[in-house]
Every structure is written in C-alpha cells, then in structure tokens.
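Single-structure report; data block below.
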Amino acid sequence: MALLTLRPRKKAVDGADGAPGGSIPYGFVITAAWAWRLVVISVVLYVLVAGFARLSTILVPIVIALIIAAPMEHLVTRMEKHRIPRSAGSAIVILSFTLIVLGLMAAAGGTIVAGFADLRVQAVAGFDQFLTWLVNGPIHINQATIDNLQQNLTDLLQKNWKGIFNGALSITGTVGSVFAGAVIAIFSLFFFLRDGRMMWLWGLGHTAGTNAERIDNAGTAAFGTLGRYARTSAFVAFIDALGIGVGAWILGLPLALPIAIVVFLFSFIPMFGATISGAIAIAVALVDGGWKEALWMLIIVLLVQQIEGSLLYPFLFGKAASIHPMVILLSVSIGTLLAGFVGAVISVPLVSFVTTFISKMNNPDAPAPGEEVDEPATAPAPA
C-alpha cells in the first residue's frame, strides 16, 4: 500500500490589526512591505534633491572643485615628493589653471570683438537675402505679409522693453552669483588639494565606526574613478575642440578660436554637448560663407564626432567609467533640470563616483573601472 506524503504547509503570516493568521494573502504582505520602504526612499530622495536645489549656489561650486581636484591631486603629490609643501603645490596648480582659463577667455574675447562686426554685417545681409528668397522663391510669400511680421515684432519689443530691461538686471545678478561661486570653488579647490585626504579621514573617524576601513577603500576607489573620468573627459574635449577648431580655421571662419572653446566646454556634456557645439559651428559657417561652407563644416563636425564616438569614447570611457547610456541620459536630464549647464556637466561624474562607491562597498575585491589589477604571482616551476 503506497504511503501518502503530505507537503508541509507554508508558515502562516499574521494579519495586521489582530486579523487571523493567513487572512491576508502573502503577496499583499510582501507588496505592502516594499511599498512603505519605497515611500521612505522617495521622501528621502525628495528632501535631498530639494535641499541641493535650495543650496545649489554653495554646493555646486564645491562639487565642481571636487571634480577638478580629482585629476589634479596627483600633481600636488608629485611636487610634495620633490620637497614642495602641499600648500605651495596647491597654490601653483590653482594659479596655473586660473591663468590658462583667463588666457583662453582673453584670446576668445579679442577674436569675438575683432570678428563680430563683419559677422553681424554678413548676418544682416544673409537675413535680407532670406527674406528676398521668401518673396521671389518657390514659396512666394506676399511682401506685405513679411512687412507686417516685422512691424509686429518691433511693436512687441517696444511693448516689452521693461521685461527685457529686467532680464538684463537678472543677468547682472547672475554674473554676481557666478563670481561668488567662483570664489567658493577656488577656496574649496585649494583645501581639497592640500588637505583632501586629511578631511576624508577626519570625517571617517567621526562617522564610520567599525566600517571605517571598508568605507575608506570604497571612497578611495570612487575618487580614483572620478579622477580618471575627469582626465578622460578633458582629453576627449580637447580632441573635439582641436578638430573642429582647425576645421573652422581652414575654412576661414572669423570665430575659429571661440568655436573651439565652445566645443571644448560643451564636450563635457555626454551625448548632447557635441551635437550642440557642432550646430553652433555650422550656424557660424552658414552666416559667414553660405550653405557651401556650412556643408563643409557639417562634414568636419560629423568626422570628428565619428572619431570620438567610434574610437575615443568606447575605448577611453569604457575604462574610466562603466555607465549605461540610459543612466547617462537620465543623469544629464536631471542635472540640467536642477542646475542648468553646470548640472549637465557634473551629473555623470557624480553618478560614476556613487556607482563605484556602492560597488566597492558591496564587493571590496572587485576592481573599479579603469583600476589597475595586480596579476597574481605565479610560483616558479620546479627544477
């Protein structure tokens, strides 16, 4: 006679508020447990984002200083090995960086002043030619219609001159905020370069407790990833600026140097920056020399971006930071909403930092992106 084997019943889950055990389906209990945790996480994230947005005038310069300090810290360390104090080394690095930035701004400003007058005349002539094409071309728009549009635009500007004036005043306030942010960033950069390791260890000593060593390893790896990402981004941006700038110079564009600087800055925005800066270069070529020069500029931009996208970006960024394109897209979008252009620039480096930190916390033995791994020593073969 065959014996019947009875399967053990699943452990009953006690219901909420004194309900009998097993009266609430197990799936509902799990869903509720996840739901309140997700609510708590969402509230915490909202508070963090709202706090960052409110204190962005102070926090953004500090984050920028941290990103700049990551690839430059090794320069101060090398100077310290040559008996140059860290304070002096930090000051030398910051002074050199500031002089380079100011020199590029001065050169670009002089080029803009020299070429803007001719570009303005060519832009006006090109706009008049476009209006003539609208009237005499295949579209055949009535001249009276164009005159009415111009008059309406003039009336609109005259009626809203107060808003334009207030906008100019807000720009003045923005310039003041940028200056204040630059001062905060410079001082923060100095202290990060001079005392960054000491500040990090001090924070660990007061917060980490028994996990200090593990957090220290994860933070060091994340900071190394941040440095590699910043150096790689600067190199790729330089290649883009060099290629498009030289192409604009060969075409004889009056603003070749400012175009190169704009390309360099926008190249720090993943996925979108190269497209925006390339469109600016093509627009300048169109205004300056017509559609033929614009077509040549388009070919140059596509060639440079193809080299970047097919060779530099996968090879270099694959080592510097392993981030999925969807994560990059969301990071840039959220950063732009929170802090505009600056947020778009610093969002992906911050994500790479956080990703590496969490990965090293979960698996301390796993190598960070771009981190050199020591090969295990092999025992010598027996004689």
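Looking across segment 204-215, the residues that are surrounded by 13 or more Cβ atoms within 10 Å (Cβ to Cβ) and free of Cβ contacts under 8 Å to residues at least 24 places away in the same chain come down to 204, 208, 212. Kindly establish whether residue 108 is surrounded by 10 or more Cβ atoms within 10 Å (Cβ to Cβ), assigned to a helix (DSSP H, G or I) and modelled with pLDDT under 80. Yes; evaluated as a whole, the condition is true for this residue. Of all positions in segment 229-243, none carries a residue that is among the acidic types (Asp, Glu) and surrounded by fewer than 21 Cβ atoms within 10 Å (Cβ to Cβ). Only one of the listed residues (216, 240) is of a type in the set (Asp, Glu), touching an Asp or Glu at 6+ places or on another chain (Cβ under 7 Å) and modelled with pLDDT of 85 or more. That residue is 240. When segment 262-283 is limited to residues that are part of a loop (DSSP other than H, G, I, E, B) and among the aliphatic types (A, V, I, L, M), the one that is surrounded by the most Cβ atoms within 10 Å (Cβ to Cβ) turns out to be 269.
Note on segment 251-285: residues that are without any contact (Cβ under 8 Å) to a residue 24 or more places away in the chain and more than 16 Å from the chain's Cα centre (by Cα) total 5. Looking across segment 284-293, the residues that are part of a helix (DSSP H, G or I) and either in contact with a strand residue (DSSP E or B) (Cβ under 8 Å, 6 or more places away or on another chain) or over 10 Å from residue 248 (Cα atoms) (or both) come down to 286, 287, 288, 289, 291, 292. Only a single item in (1) at pLDDT below 85; (2) crowded, with 16+ Cβ neighbours inside 10 Å; (3) closer than 22 Å to residue 352 by Cβ is not met by residue 286, and it is number (3). Looking at 347, 322 in this structure, which one is of a type in the set (Gly, Ala, Ser), at pLDDT 80 or above and surrounded by 15 or more Cβ atoms within 10 Å (Cβ to Cβ)? Residue meeting the stated conditions: 347. Reported count of residues in segment 332-354, each being within 11 Å of residue 229 (Cβ to Cβ) and free of Cβ contacts under 8 Å to residues at least 60 places away in the same chain, is 1.
Against the test of being within 30 Å of residue 188 (Cβ to Cβ), at pLDDT 90 or above and part of a helix (DSSP H, G or I), the options 50, 91 yield a single qualifying residue, 91. Is it the case that segment 226-238 has a residue that's among the β-branched types (Val, Ile, Thr) and outside any helix (DSSP H, G or I)? For segment 226-238, residues among the β-branched types (Val, Ile, Thr) and outside any helix (DSSP H, G or I): absent. Of the residues in segment 25-47, none is in contact with a Gly (Cβ under 6 Å, 6 or more places away or on another chain), at pLDDT below 90 and either of a type outside the set (A, V, I, L, M, F, W, C) or in a helix (DSSP H, G or I) (or both). Can you confirm whether segment 117-134 contains a residue that is touching a Pro at 6+ places or on another chain (Cβ under 8 Å) and at pLDDT below 75? Among the residues of segment 117-134, at least one is touching a Pro at 6+ places or on another chain (Cβ under 8 Å) and at pLDDT below 75, which makes the answer yes.
Checked against the criterion of being of a type outside the set (A, V, I, L, M), under 12 Å from residue 239 (Cα atoms), modelled with pLDDT under 85 and buried (at least 19 other Cβ atoms within 10 Å of the Cβ), segment 306-313 has at least one qualifying residue.
The values are calculated or read from the model by the stated rules, or taken from the named source; none is laboratory data. Because the structure is predicted, anything quoted here is derived from the model rather than measured. When we count neighbours, we look across all protein chains shown, and the Cβ atoms used for this are built from the backbone with ideal geometry, even at glycine.
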